[in-house]
Structure formats: C-alpha cells, structure tokens
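Following: one structure in structure tokens, then a few remarks.
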Amino acid sequence: MRFLLIKIFILFQFQLYANGSWVKDLSFDNIDIWKNGSKRISVEVKNNKNKLENYNKEKVQEYLARRNKILKYADFSNFQTSSLKFQKDKDEIRIDNNGSYLNSRSVKTFFKEIHILSKNKSIITMITSQKKLTKEDINDFKKKLNYIEETNK
C-alpha cells in the first residue's frame, strides 16, 4: 500500500512539472511554436545578409506600424505598444517590443517580441498570452531566447 501511495505521489509530481513546462507545438519553414497553457512562443531564425547601418529607431517604428496595419486585415486589431527599446552596436541590433492586441475572437492578447539582427542572421521571437505577462513569464522567455541564440551561432 505504501509503495502504491509513493508511486501515485511521484506520478502526481511529474504531472505538475509537465503542466508547467514548455512543449514544442509545431514547426514549419524555420518557425518553431512552443506552448505552455495559454502562452505561446514563436521563434523564427533566418540566415540572410542584414545591412545593420540601414536600421534606426524611426525606421523600426515605421516598420512595426506598417506590420500592425497589415495584421489588422488578418483580424488582429487594436495594437498598442507599451514599450519599444532599440539597441544598436556595430555587430548587432536588438528590438524589444511589448504591448497587446485583439485577436480574431476579440480576446485581448498580450505580447513581447524580441528581434535580434546580426550581419548574417535574424532571430525573431514573440511570446503571447491571454493573461498579462508576468516577470516570471518574461524571465522564462529570455532564458529560452538565450538558449536559441547559443544553439544558432
């Protein structure tokens, strides 16, 4: 009996761990989608020649505004940016964008996206959730991003 209770307890603990971890949902055309409950992370890695000198914060803001306008026609609307950070050095550009939008079912979705552009590669990542993203969500997202950067060098 005691052995059975211990076994049930271990299985229950394993189930709790499994419910709290990220699982690869699908992959297609250099894009991986990971899920954890209502949260999703998408990662796209592109190998291309980026002209880093052509990027500045104004051009990035214009690009994001055009992208959001196009997405509006795909039933994503009311994009609101809560913060946009743009970091540039000679080897890399990082764009960090936070905000929310309404999806096709008019459900408010919160997002954080990070674009990392180097001369020979682009990594585009986004986490979305129907609940407001917590610091823990963001830290988990950054850990995943660090892992992705290391494996795609």
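Among the residues of segment 85-101 satisfying the criterion of being of a type in the set (D, E, K, R) and within 17 Å of the chain's Cα centre (by Cα), which is surrounded by the fewest Cβ atoms within 10 Å (Cβ to Cβ)? Among those residues, the one meeting the criterion is LYS85. For segment 1-57, the candidate set comprises residues that are aliphatic (A, V, I, L, M) and surrounded by 11 or more Cβ atoms within 10 Å (Cβ to Cβ); within that set, the residue that is modelled with the lowest pLDDT is ILE31. Per the conditions (1) of a type in the set (A, V, I, L, M, F, W, C); (2) open to solvent by less than 90 Å² (accessible area, probe 1.4 Å); (3) out of contact with any helix residue (DSSP H, G or I) (no Cβ under 7 Å at 6 or more places or on another chain), the sole criterion not satisfied by ILE123 is (3). The residue that is nearest to LYS108 (Cα to Cα), among those in segment 64-77 that are within 18 Å of the chain's Cα centre (by Cα) and open to solvent by 50 Å² or more (accessible area, probe 1.4 Å), is PHE76.
The values are calculated or read from the model by the stated rules, or taken from the named source; none is laboratory data. Quick caveat: nothing in here was measured; it's all calculated off a predicted structure. Note: ideal-geometry Cβ built from the backbone for every residue, glycine included; neighbour counts use all protein chains shown. The area values use the complete protein model at the heavy-atom level, side chains included, leaving out ligands, DNA and RNA. Shrake-Rupley method; radii C 1.70, N 1.55, O 1.52, S 1.80 Å.
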